[in-house]
Amino acid sequence: MPERSDSDSRKLLRRLRDSLALPGQGQDRLDRITHLIADSMRSEVCSIYMFRDADTLELCSTEGLKAEAVHQTRLKLGEGLVGQVARMGKPLNTADAPAARGFRYMPETGEEAYSAFLGVPIQRVGERLGVLVVQSKAARIYAEDEVDALEVVAMVLAEMAELGAFNGDEVAPAKHTHPVMFRGGTGQEGAAEGHIWLHEPRVVVTNPVADDPLTEIERIREAVAKLRVSVDDLLSAASLDKEQRQVLEAYRMFANSRGWLRRMEEDITRGLSAEAAVQKEQSAARARMEAVPDAYLRDRLHDLDDLANRLLRILTGQGRDTGAEMPPDPVLVARNIGPAELLDYGRKLKGIVLEEGSVGSHAAIVARALAIPLVIHADRITTEALNGDPVLVDGDQGIVHLRPEETVTRAFRDKMAMQAQAQERYASLRQLPAQSRCGTITKLHMNAGLMADLPSLEHSGAESVGLFRTELQFLVRNQMPRREELVRIYARVLDAAKGRCVTFRTLDIGSDKVLPYMKPQDEPNPAMGWRAIRVALDKRGVMQMQLQALIRAHGARPMTVMFPFIAEGSEFREARDILMHQIARERNLGHPVPESLRVGAMLETPALAFAPDRFFREVDFISIGGNDLKQFFFAADRENERVRRRYDTLSVAFLDFLRRIVARCEATNTDLSFCGEDAGRPIEAMCFAALGIRTLSMRPASIGPVKTLLRRIDLSELREVIEAAMLNGDSVREPVVEWLSAQAGD
Ligand code: PEP
Ligand code: MG
């Protein structure tokens, strides 16, 4: 077999490009391509398999295999050698295909006659499109330069597919035109209709094949030089701490890596344009990213991915600052996004859809605070969506309809209209108490975390802020906020509350909430690790500063503070002592101090429910943090999609546990509230109220539905239903829901 020269490869690419420029349908084009490649690679067979759906590959064109097999032969991802190439995202090269592991015999193709097999993935920045295969009768391993050449061809095919060159019913449905539904997870409930706004718009490479490699090499060198300068600029920013510097140093190392530039230059020599060479490297990094389990390595591959994006933006002038106009009803689509970037977009977003993310991620916290519907884990939406595409976001179900059919849109609008009507009904209850038919009043408070939440106090009809999470002001900055800044923020929150109580929870960091400027702790179980009050007591400076800010912001106003994640009485005592010390200090400095003070503890660890009576008598109130309490009660990670919904809040075990907490609080005359997400779910909320929890704190949007339900029912009757159901069965949910339906029929 003669050595292929780079100019062979370039010639093939040019022939390919010219052939693609000829008129014809997708099928004609593919057939011409397989013919060309087989000829140029001196192989009897060349075949192209494309994905029909996420799991199925179909033989779409062949030179050399039996023509009857085209559009008939199908393989699952991972099935046969072709399926393996698609799954691994890298080439497979064997001299004896029938003997290779995983070979699958497909009689309709007649491929048993061919011994040598080389398959390469057709992929575009991590999006699997298909597999390109050459086969020959002679048992031989394809040479390295042949593998490289075929990969380059596959890259061009991927770009051509992206540009719609093969569209047609038979081969590939036109991309980015059909309706697609994504099933992800709920990050924030709510429904939204709007148009796509991509956080990182796709860069479109219009010419993957270059005529003049020297010019292209010049271009890539210039672009890489610019990239290096921009990374150096990042590094010279004065405000970087040691950790950030280390991360950026690693990033710079990649940007300066000779291997990276060399590989791209080699691909250009084989005929790719500078942009296509960058994308080929990026595809390879993405494919490796999916395969490596090691988090550190994945982060480094992320760096490479990010650098490739920057390089593409430099080369094409496309990207974030394209001058494209944001639609009036933008739905943000991104792989992931940081809290600060999300806050920059602010309330103008109608919805948010992420490929990654988790319920407890910072982005989800911000989305929740801004009450913007959020769907997480919408796999591959960034590769499918285009700026301006119509989209429906169903945050309740965790579903996204991209370019929806008319009927879906109509049904969705009906649902939104019904929700809007319900909101109107809730508004009419705003001034009324959540008084049940038995006469019991349940106090409904709201959870907040941003200044922007405060107007909801008026709209929702909440009595006060039952939980103000103070993490966000710390999370969204690149450095520790200064005390004076916090004083201003807290004072504005209190002013906006117009005399209604705001229960400030001191900083709960650690676990999923990692401050960008604090050394990350490499802990095996961060949720059970060094977090919240544990950090505060070990590193007192931050809590002292926060408490000083809270005291100053309150001035003489009554103050309510609670400490998160208390596991035993001594932690509460220590934290309260620090608070009292700070109050004394402020007084000595001549500052006004709160005229009254309530200090509470969050009950988020089962241990605290069994604390000695002394603890219950010492606290002014207890607030059950059900999100954490439930995860520790059931040993089920609240961030793990596989297990987080597995256990029912209304299980007999959990309700019995809550009942004991209520009894202990009643016996010691301690105020009790519940502020986890479950307090905002009407069925759960009414059960908590029936068990004697008289204060519930929830998302503002939940106040209306919870109040409506509480006003309809008799809590003492419900308690009887619960008590009876607890005697048999694992969960009271079914009997409670049945009882409720019977009420509706009254
Ligand atoms: C909780 O754990 O229920 C709670 C309210 O705190 P967070 O969700 O902020 O951990
Ligand atoms: Mg918590």
Stokes-Einstein diffusion coefficient for the chain at 4 °C in a medium of 1.567 mPa s, Rh from the Kirkwood formula over Cα pairs: what value in µm²/s? 44
Estimated inter-spin distance, residue 724 and residue 637, nm [label 7 Å along Cα→Cβ]: 4.2
Given a 1.4 Å probe, how much area per residue of the chain is accessible, in Å²? 43
What residues qualify as long-range amide H neighbours of residue 562, i.e. H under 5 Å apart, gap of 5 or more or another chain, H built at 1.01 Å from N? 504, 505, 506, 600
May I ask you to list the lysines whose Cα is less than 25 Å away from that of residue 539, ignoring any residue fewer than eight positions away on the same chain? 242, 513, 519
Below 20 Å, Cα to Cα, which aspartates and glutamates can residue 498 reach? Residues fewer than 8 away in the same chain don't count. 453, 458, 463, 595
In square nanometres, what is one fourth of the surface area of the convex hull spanned by the alpha carbons of region 359-407? 4.2
Computed accessible area, residue 345, all protein chains, 1.4 angstrom probe, square angstrom: 40
I'd like the FRET efficiency for residue 54 and residue 145, computed as 1/(1 + (r/R0)^6) with the beta carbon distance as r and R0 of 41 Å, rounded to 0.05. 0.80
Tally the DSSP beta bridges in the chain and give the antiparallel ones as a percent, rounded to 5. 55
From the backbone phi of region 727-733, what are the Karplus-calculated ³J(HN,Hα) couplings (6.51 cos²θ - 1.76 cosθ + 1.60, θ = phi - 60°) in whole Hz, Gly and Pro given as x? 6, 9, x, 8, 9, 8, 4
Largest to smallest accessible area among 35, 199, 401 [probe 1.4 Å]: 35, 401, 199
Roughly what % of DSSP beta bridges within region 6-162 run antiparallel, to the nearest 5? 100
Spelling out what I want: for every residue of region 255-266, take phi, set θ = phi - 60°, compute 6.51 cos²θ - 1.76 cosθ + 1.60 (Karplus), and round to whole Hz; glycine and proline get x. 4, 8, 5, 5, x, 4, 5, 4, 4, 5, 5, 4
D for region 213-316, whole µm²/s, Stokes-Einstein with Kirkwood Rh over alpha-carbon pairs at 10 °C and 1.306 mPa s: what number? 112
Taking 35 Å as R0, compute the FRET efficiency from the Cβ-Cβ separation of residue 341 and residue 737 and round it to 0.05. 0.30
What are the ³J(HN,Hα) couplings of region 533-547, residue after residue, when phi is run through the Karplus curve with 6.51, -1.76, 1.60 and θ = phi - 60°? Round to Hz, x for glycine and proline. 5, 5, 5, 4, 6, 7, 10, 5, x, 5, 5, 4, 4, 5, 5
Please compute the length gained on full extension between residue 409 and residue 71, using 0.36 nm multiplied by the number of residues separating them and subtracting their Cα-Cα distance. 118.4 nm
Region 513-588-region 374-391 distance, computed between alpha-carbon centres (Å): 40
Top to bottom by accessible area (1.4 Å), largest first, where do 197, 530 land? 530, 197
Heavy-atom SASA rank of 591, 445 (probe 1.4 Å, accessible area, largest first): 591, 445
Enumerate the lysines that residue 90 could reach by cross-link, defined here as Cα to Cα under 27 Å, with residues fewer than 8 away along the same chain left out. 11, 66, 76, 137, 175, 280
Under the rule of at least 5 residues apart or a separate chain, name every residue whose amide H is placed under 5 Å from the amide H of residue 603. 623, 624, 625
Which residues' amide hydrogens lie under 5 Å from the amide hydrogen of residue 184, considering only partners 5 or more residues apart or on another chain, with H built in the peptide plane? 399, 400
Rounded to the nearest 20 Debye, what is the dipole magnitude of the chain about its Cα centre when Lys and Arg each give +1 and Asp and Glu each give -1 at the C-beta? 2260
Gap separating the Cα centres of region 326-373 and region 269-290, nearest whole Å: 30
Can you compute the FRET efficiency between residue 421 and residue 518 using 1/(1 + (r/R0)^6), with r the Cβ-Cβ distance and R0 = 56 Å? Round to the nearest 0.05. 0.75
Report the far tail of the P(r) of region 303-435, meaning the percent of Cα-Cα pairs longer than 22 Å. 48
Would you check the accessible area of residue 96, probe 1.4 Å, heavy atoms only, in square angstrom rounded to 10? 80
Please report the spacing between the Cα centers of region 677-710 and region 102-157 in Å, no decimals. 60
Stretched fully, the stretch from residue 477 through residue 326 gains (0.36 nm per residue minus C-alpha distance, one decimal, in nm) 51.8 nm
Alpha-carbon radius of gyration plus Dmax, which is the widest Cα pair, for region 571-626 in Å: 13.6, 41
How many nm is it between the label spots at residue 206 and residue 22, if each spot is 7 Å from the Cα in line with the beta carbon? 2.5
Just to verify a number: what accessible area does residue 11 come out at with the full protein assembly present, 1.4 Å probe, Å² rounded to tens? 120
Taking only DSSP H segments of four or more residues, each worth -39500 (n - 2.57), what value at 222 nm results for the chain once the sum is divided by all its residues, to the nearest 500 deg cm²/dmol? -14000 deg cm²/dmol
For the chain, which whole percent of the accessible surface, found with a 1.4 angstrom probe, sits on carbon and sulfur atoms? 50
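The values are calculated or read from the model by the stated rules, or taken from the named source; none is laboratory data. Just so you know, these numbers come straight off a predicted model, no measurement behind them. Quick reminder, even Gly has a Cβ in these numbers, built from the backbone with ideal geometry, and neighbours come from all protein chains shown. The area values use the complete protein model at the heavy-atom level, side chains included, leaving out ligands, DNA and RNA. Shrake-Rupley method; radii C 1.70, N 1.55, O 1.52, S 1.80 Å.
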